Every structure is written in C-alpha cells, then in structure tokens.
1. For the range 168-254, treating each Cα as an identical point scatterer without solvent, what Debye log10 I(q)/I(0) comes out at q = 0.15, 0.16, 0.19 1/Å?
2. Starting from the Cα of Lys41, step 7 Å toward the Cβ, then list every residue of the range 1-29 with an amide N under 17 Å from that point.
3. Based on C-alpha coordinates, I'd like the Rg and Dmax of the range 30-167, in Å.
4. Taking R0 as 25 Å, what's the FRET efficiency between Arg284 and Phe210 from their Cβ-Cβ distance, rounded to 0.05?
5. Using helices alone, I'd like the mean residue ellipticity at 222 nm for the chain: each DSSP H run of four-plus residues gives -39500 (n - 2.57), total over residue count, nearest 500.
6. When the distances between all Cα atoms of the range 100-180 are binned every 10 Å from zero, what whole-number percent does each bin get?
7. Can you classify the chain as rounded, prolate or oblate using the Cα gyration tensor, where a ≥ b ≥ c are the square roots of its eigenvalues, rounded means a/c under 1.5, and otherwise it's prolate if a/b beats b/c and oblate if not?
8. State, as an integer percentage, the relative contact order of the chain based on alpha-carbon contacts under 8 Å between residues 6 or more apart.
Amino acid sequence: MSDLVQLVEVGPRDGLQNERATVRVETRISLVERLADAGLKSVEAGAFVSPKWVPQMAASDDVLRGVRRKPGVAYPVLTPNMKGYLAARTAGADMVAIFGAASETFSQKNINCSIAESIDRFLPILEAAKSDGVAVRGYVSCVLGCPYEGDVAPAKVAEVSKRLFDAGCFEISLGDTIGAGTPRQTAGLIRAVRDVIPVDRLAGHFHDTFGQALANIWTAYEMGVRTFDSSVAGLGGCPYAKGASGNVATEDVVYSFQRSGLDTGVDLDAVVSVADWISRELGRAPQGKVTLARTTP
Ligand code: HMG
Ligand code: MG
C-alpha cells in the first residue's frame, strides 16, 4: 500500500461557508490560488447551492471562473442537484461533489430532503457527469454522530456510502461533521465501510470540534485510508450543524505526516503563510497549532 498521503483542501468551501461575513470574490480566488501554489493538488473552490441557504457560497461561479488553474490540480465544487451541476459546468467545473448523509434529520436540515430523495437527485448528476467526463466525489455526513439524532450506526454509513460508490462516485469522503468521533469509533467506522468499498477509495473528513481530528486521521491512516480533507488555518464548520468547528487544519496534518516521514506534496512553510494571510484577512486567530507556533500574532 502506498505511503503517499493525498490532501483535499476544503478551506475555500467548508471554511468560508461558515464565516459570518461574506468574503470578497477576489479574496476567495486568491485563497484557492495560494493553496494550489502551496502544493495542494485538490482545492475545493466553492458550492453551487442555494444562496438563500448558504449566502457565503454565492458567486462560486465567479470564483471558479476567476481562478488561474494549475495543471495537475483539481478544483471540485459542491453540487446538490442538477441545477447546481449545470451551473457548475457552465462555470467550467471539471470535478464536482455530491453530499449526502447517514442521518435522516441532518439530510432534511441540510438539503431539505430524505436520504433516499437525495440519492434520486444525485443519480442524474452522476449520469450527466459520466457523459461529460467529470469526476464525482461523494460525501457522507454525520458518520460519527449527528447534531440532531446523536449516535449514527457504522452500518448505516456503510449502506449510504456503498450506494453512492456503486452509483459512480470515484471516492467517498466520510464526514465527521460535528467532530464528535474518537479514534476507537473511527476504527469501527472504517472497518464497517471498507468491508463494502475498497479502502483506497475512502477519504476522511474530520472536523476538530473536540480536538480528536488528528488522532482520528492517524487511526484511519493505520487502517489504509490515504486521502484526508483538511482546511487551511482550521477554518470551517457547517451552517446546519450548530457549534461544529472547523476541519482539522491543513498545516497540522502536513506537519504530522511530514515529521513522520510521509509525503503529502505540500510545502509546510507555504501553507502556514496562507493560513496566516487568510486569518488576517478574516480578522480571526488561526486555529492550526502549527500556524500559532510559527507566526507572531
Ligand atoms: P430547496 O429549497 O428544497 O430547493 O433546497 P428547491 O429545488 O425547492 O428550490 C428552491 C429555491 O432554491 C429555488 O429558487 C431554486 O431555484 C433554488 P427560488 O425560486 O425560491 O428563487 N435552488 C438553487 N439555487 C442555486 N443553486 C442550486 C439550487 N437549487 C435550488 N443548486 C437545496 C434544496 C439543496 C438547494 C438547499 O437545501 C441547499 O442549497 N442546501 C445546501 C446546504 C449546504 O450547502 N450545506 C453545507 C454543505 S454540506 C457540509 O458542509 C458537510 C460536508 O462538509 C461534509 C461534512 O462535514 O460532513 C460536505
Ligand atoms: Mg465539513
């Protein structure tokens, strides 16, 4: 099994969707470009969702159109339905992500439909994407707990993940939306899901609300997962998961793998300076420990 760790940077989407103030398009474009320049090979650039639901992601088309694309870098965007998919394609998206959940209540609160209805909405996206040659990533939220229902059974996560994988997603990102999970729970989750999906098709998406994200990442790594989502400066959260904090900070993940002799392809100094820059732009302290340790306030 490969030692290479792939990071999917979700700061410009998962991070900025949760900011109180709407961030200027120019800043969003610059954030995406700086992250790609720091060596991230997949930078989630925005979300083609309803601006009434998530106003922070309005103008994702302008962001996607404005980004100077680097060869070899993917710029996925979230698309909850065909309306979003078509708008994303018009703006030049060549990778999209659909996002479902393992919890019925979260599905209703987040995308206003049941899990089964969400899959019915995703199928035409997968079909169109296949004929357009567009890769589709699949997210499953609430894999280690739901803000409305509490515990979520690993078997339910495995069932939804398999449904999305079988329908054509090239990768399933397992989202600990509220950052509630612990390493042992993560191990149980990965065991259940890798029974039905090849482990090299899984990604870990850990929010760090309770400080467990890096430990969960290492648990998943030891069990064969090699792709992890992270957010520069630890930006982020979900507007429909109150109290959830940001994703694990990209710089902390890079540091941990790099110092353990594992390559992420990301330049640590460069990503720390992006974290410092975006934190100043947003007028907030960076959440990443490495940025806090390496920069002056
Ligand atoms: P709905 O209200 O059921 O949709 O929302 P609808 O089809 O009935 O349409 C209602 C209105 O929305 C119409 O406009 C549509 O045109 C418009 P109106 O006639 O009222 O002016 N509309 C759209 N506009 C722009 N783009 C679209 C779109 N679709 C409909 N794609 C919908 C359903 C899915 C649209 C809504 O619930 C929504 O946008 N939800 C997004 C929620 C979201 O973005 N959450 C955060 C991302 S998920 C996350 O953070 C978790 C993750 O990080 C993993 C983890 O941590 O677990 C991925
Ligand atoms: Mg998330």
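1. Per q value, in the given order, log10 I(q)/I(0) is -0.49, -0.56, -0.78.
2. Residues 1-10 qualify, since their backbone N sits under 17 Å from the label point.
3. That works out to 15.3, 43 Å for Rg and Dmax.
4. Values: r = 20 Å, r/R0 = 0.80.
It comes to 0.80.
5. On the way: 11 runs with 121 residues, N = 297.
Taken over the chain, the calculation gives -12500 deg cm²/dmol.
6. Computed distribution, short to long bins: 20, 52, 24, 4.
7. Rounded.
8. Working: 648 pairs, mean separation 56.7, N = 297.
The value is 19 percent.
Computed from the coordinates by the stated procedures, all read-outs in this text should not be read as laboratory data. Just so it is clear, the structure is predicted and the values come from calculations on it, not from any experiment. Positions of Cβ are generated from backbone atoms using ideal geometry, with glycine treated the same way; all protein chains shown enter the neighbour counts.
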